[in-house]
């Protein structure tokens, strides 16, 4: 039962990770992913987004992207509340 709940969440985080990675690869002149789209991906998949930001050193200085750790904290709060 719990696998049905966690697997979509894991997939969403993997997709967010890949979106940040693709945007980093495209950062040298090719068409990029909109920042709004990356932030939306971070809102639903903050673990993947933050991991990609750290691993690829991507979008770490932009003030908008300081929201990503906040999104992650909100997800942790929701998970804790669901467990209790």
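In segment 62-83, which residues are in a helix (DSSP H, G or I) and closer than 23 Å to residue 32 by Cα?
Within segment 62-83, 63, 64, 65, 66, 67, 68, 69, 71 qualify.
If only one of 24, 28, 59 is in a loop (DSSP other than H, G, I, E, B) and surrounded by 12 or more Cβ atoms within 10 Å (Cβ to Cβ), which one is it?
59
Of the residues that make up segment 33-47, is at least one surrounded by 11 or more Cβ atoms within 10 Å (Cβ to Cβ), over 11 Å from the mean Cα position of the chain (by Cα) and without any contact (Cβ under 8 Å) to a residue 24 or more places away in the chain?
yes
FYI, it's all coordinate maths here, none of it is from the lab. Computed from a predicted structure; not experimentally measured. Using ideal geometry, Cβ is built from the backbone for each residue, glycine included, and neighbour counts are taken over all protein chains shown.
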